[in-house]
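Structure record follows, encoded as structure tokens.
The values are calculated or read from the model by the stated rules, or taken from the named source; none is laboratory data. Because the structure is a prediction, the values reported are computed rather than measured. Here the Cβ positions follow ideal geometry from the backbone for every residue, glycine too, while neighbour counts run over all protein chains shown. What goes into the accessible areas is simple: the full protein's heavy atoms, side chains included, and nothing from ligands, DNA or RNA. Shrake-Rupley method; radii C 1.70, N 1.55, O 1.52, S 1.80 Å.
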Amino acid sequence: MASVESEQQRKALALAAHDASGRVTPIRISRRDTRDDDVAIKILYCGICHSDLHTIKNDWRNAIYPVVAGHEITGLVTDVGKNVSRFKVGDRVGVGCMVNTCQSCESCKDGFENFCSKIVYTYNSRDRDGTVTYGGYSDMVVVNQRFVVLFPDGMPLDGGAPLLCAGITVYTPMKYHGLNEPGKSVGVIGLGGLGHVAVKFAKAFGMRVTVISTSPEKEEEAMEKLGAEAFVVSTDPNQMKSVMGTMHGIINTASASMSMYPYLGLLKPQGKMILLGLPVKPLEISAFALVGGGKTLAGSSMGSVGDTQEMIDFAAEHGVTADIELVGAEDVDWAMERLAKGEVRYRFVIDVGNTLVAA
């Protein structure tokens, strides 16, 4: 076994929320010793996802306190088990939303382990041995090699961290619903953490992009910085009418409850709308809006490890990263407050390696 660690270093420093206030404080947690199929990682960066905020606030009523959030983890390999051949000490790697599955069901066998009914999430989940998982707001983690991806040299660990959630979440539906073909037209609803990455991937695929937003002030950024061909204010009936029936597909990143009717009208016949957001209230859907044009309304969740590796490689080749604000461990509470208000362009990333230190 190749190693630069001693067994005494299996105690890790982390930031944990202890109740629904969502405030995080430093604690010591235990990480397992490196097993034969494991990779131990020194965490350098961890993105802050909106799911982290929901979890630490117990919005979904499933928090297992103390919660150590974070599923956009990047860092360096410090130790590998004897069965690990894909990774070596010093490799730049990432860990996304899951750290285990049953590995035997149809979904797992077909390479879609993200749909496994026994999926173990990177944090706030119970692993198969009954232990609670802790995420990337920590200085190290030990993960089965199946759930680790290799970062190409050209992919920065800070700007690349959010791709492990936001990136794969938009890449997967584009790949499997044919929204990655050059020359096709795609709409992106919402220009936030997911939406801005969706625009970047769509442009890298060679597609024509229309951003659909409730915020007129985002037009300049969408078109001049991100390269979208068009921008539509969804609350303006005339603008919406001007792009009716023009899109092969729509990536819907909005989490607000909305009527689907006007948005489905933007699709060409046999067009597809893919839902990525999770509105609290049920969607309003007209059957006529789907049936008349043979349109598809579908959902998508995360992506497999294989697709995540493919996505990271593609992103590195085409220079796709998330637009981030780097924050220190001491500023996580402040970042969460800003995230709750939507005051981030577009993802916070914690500089774990330089700022998470014992008091």
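Within the range 232-281, take every residue that is among the hydroxyl-bearing types (S, T, Y) and open to solvent by 80 Å² or more (accessible area, probe 1.4 Å) and give me the one that is nearest to A202 (Cα to Cα). Write out each step before concluding.
Step one: filter the range 232-281 for residues among the hydroxyl-bearing types (S, T, Y), giving 234-235, 242, 246, 253, 255, 257, 259, 261, 263.
Subsequent filtering for residues that are open to solvent by 80 Å² or more (accessible area, probe 1.4 Å) retains 235, 242, 261.
Values: T235: 24, S242: 21, Y261: 24 Å.
Out of the qualifying residues, it is S242.
Only one of E224, E284 is in contact (Cβ under 8 Å) with a residue 24 or more places away in the chain, surrounded by fewer than 19 Cβ atoms within 10 Å (Cβ to Cβ) and acidic (D, E). Can you tell me which?
E284
Checking the structure you have, find out if any residue of the range 94-115 is farther than 19 Å from A14 by Cα, open to solvent by less than 30 Å² (accessible area, probe 1.4 Å), in a strand (DSSP E or B) and at pLDDT 95 or above.
So far as the range 94-115 goes, yes, one or more of its residues are farther than 19 Å from A14 by Cα, open to solvent by less than 30 Å² (accessible area, probe 1.4 Å), in a strand (DSSP E or B) and at pLDDT 95 or above.
Which one is nearest to the chain's Cα centre (by Cα) among residues in the range 126-169 that are among the aromatic types (F, W, Y) and under 20 Å from A17 (Cβ atoms)?
Keep residues of the range 126-169 that are among the aromatic types (F, W, Y), which gives 134, 137, 147, 151.
Next, only the ones that are under 20 Å from A17 (Cβ atoms) stay: 134, 137.
Values: Y134: 17, Y137: 15 Å.
Restricting to residues being among the aromatic types (F, W, Y) and under 20 Å from A17 (Cβ atoms), the top hit is Y137.
Please go through the range 36-79 and pick out each residue that is of a type in the set (A, V, I, L, M) and open to solvent by 40 Å² or more (accessible area, probe 1.4 Å). Steps first, please.
Looking only at the range 36-79, we keep the residues that are of a type in the set (A, V, I, L, M), and these are 39-41, 43-44, 48, 53, 56, 63-64, 67-69, 73, 76-77.
Correct list: I64, L76.
Pairs please, first residue from the range 233-253 and without any contact (Cβ under 8 Å) to a residue 60 or more places away in the chain and at positive phi, second anywhere and of a type outside the set (S, T, Y) and open to solvent by 50 Å² or more (accessible area, probe 1.4 Å), Cβ atoms under 6 Å, 6+ apart in sequence or on different chains.
From residues that are without any contact (Cβ under 8 Å) to a residue 60 or more places away in the chain and at positive phi, the pairs are G245/K268.
What pairs can you find where one residue is in the range 103-118 and closer than 12 Å to V305 by Cα, the other is open to solvent by 30 Å² or more (accessible area, probe 1.4 Å), and their Cβ atoms are less than 7 Å apart, with a gap of 6+ or different chains?
Final answer for the pair search is G111/G306; E113/S107; N114/S301; F115/S107.
Suppose the filter is in contact (Cβ under 8 Å) with a residue 24 or more places away in the chain and either under 24 Å from I350 (Cβ atoms) or open to solvent by 20 Å² or more (accessible area, probe 1.4 Å) (or both); does C165 pass it?
yes
Name the pairs whose Cβ atoms lie under 9 Å apart, with the first residue in the range 338-353 and acidic (D, E), the second open to solvent by 20 Å² or more (accessible area, probe 1.4 Å) and assigned to a helix (DSSP H, G or I), and 6 or more positions between them or separate chains?
Note: pairs meeting the criteria are E343/E337; D351/D158.
For Y45, which of the numbered conditions (1) closer than 19 Å to D351 by Cα; (2) in contact with a Cys (Cβ under 9 Å, 6 or more places away or on another chain); (3) not basic (K, R) fails to hold?
(2)
Determine which single condition D331 fails, assuming it passes every other condition in (1) surrounded by 22 or more Cβ atoms within 10 Å (Cβ to Cβ); (2) out of contact with any Lys or Arg (no Cβ under 8 Å at 6 or more places or on another chain).
The failed condition is (1).
Looking at A40, A69, which is the one that is small (G, A, S), outside any strand (DSSP E or B) and modelled with pLDDT of 95 or more?
Exactly one of A40, A69 is small (G, A, S), outside any strand (DSSP E or B) and modelled with pLDDT of 95 or more, namely A69.
Restricting to the range 295-326, name every residue that is open to solvent by 10 Å² or more (accessible area, probe 1.4 Å), touching a residue at least 60 places away in the same chain (Cβ under 8 Å) and within 14 Å of I48 (Cα to Cα).
Matches in the range 295-326: D323, I324, L326.
May I ask you to verify whether T25 is out of contact with any Pro (no Cβ under 6 Å at 6 or more places or on another chain), surrounded by 14 or more Cβ atoms within 10 Å (Cβ to Cβ) and assigned to a strand (DSSP E or B)?
It is false that T25 is out of contact with any Pro (no Cβ under 6 Å at 6 or more places or on another chain), surrounded by 14 or more Cβ atoms within 10 Å (Cβ to Cβ) and assigned to a strand (DSSP E or B).
I need the helices (runs of 4 or more DSSP H) fully contained in the range 137-246, keeping only those with at least 1 residues that are farther than 23 Å from V327 by Cα. Step through it out loud before you land on a result.
Numbers: elements: 157-160, 166-176, 193-204, 237-242.
Those helices (runs of 4 or more DSSP H) span 166-176, 193-204, 237-242.
Condition first: free of Cβ contacts under 8 Å to residues at least 40 places away in the same chain, closer than 20 Å to W334 by Cα and either surrounded by fewer than 19 Cβ atoms within 10 Å (Cβ to Cβ) or more than 21 Å from the chain's Cα centre (by Cα) (or both). Can you find one or more residues in the range 80-88 that meet it?
No, the conditions are met nowhere in the range 80-88.
So in the range 193-221, with the set limited to residues that are small (G, A, S) and over 20 Å from the mean Cα position of the chain (by Cα), which one is surrounded by the fewest Cβ atoms within 10 Å (Cβ to Cβ)?
Kept after step one, since they are small (G, A, S), are these residues of the range 193-221: 193, 195, 198, 202, 204, 206, 213, 215.
Still in the running and over 20 Å from the mean Cα position of the chain (by Cα): 206, 213, 215.
Values: G206: 11, S213: 21, S215: 17.
Ranking the qualifying residues of the range 193-221, first place goes to G206.
Can you find a residue that is among the hydrophobic types (A, V, I, L, M, F, W, C) and within 16 Å of S51 (Cβ to Cβ) anywhere in the range 140-156?
Looking through the range 140-156, none of the residues is among the hydrophobic types (A, V, I, L, M, F, W, C) and within 16 Å of S51 (Cβ to Cβ).
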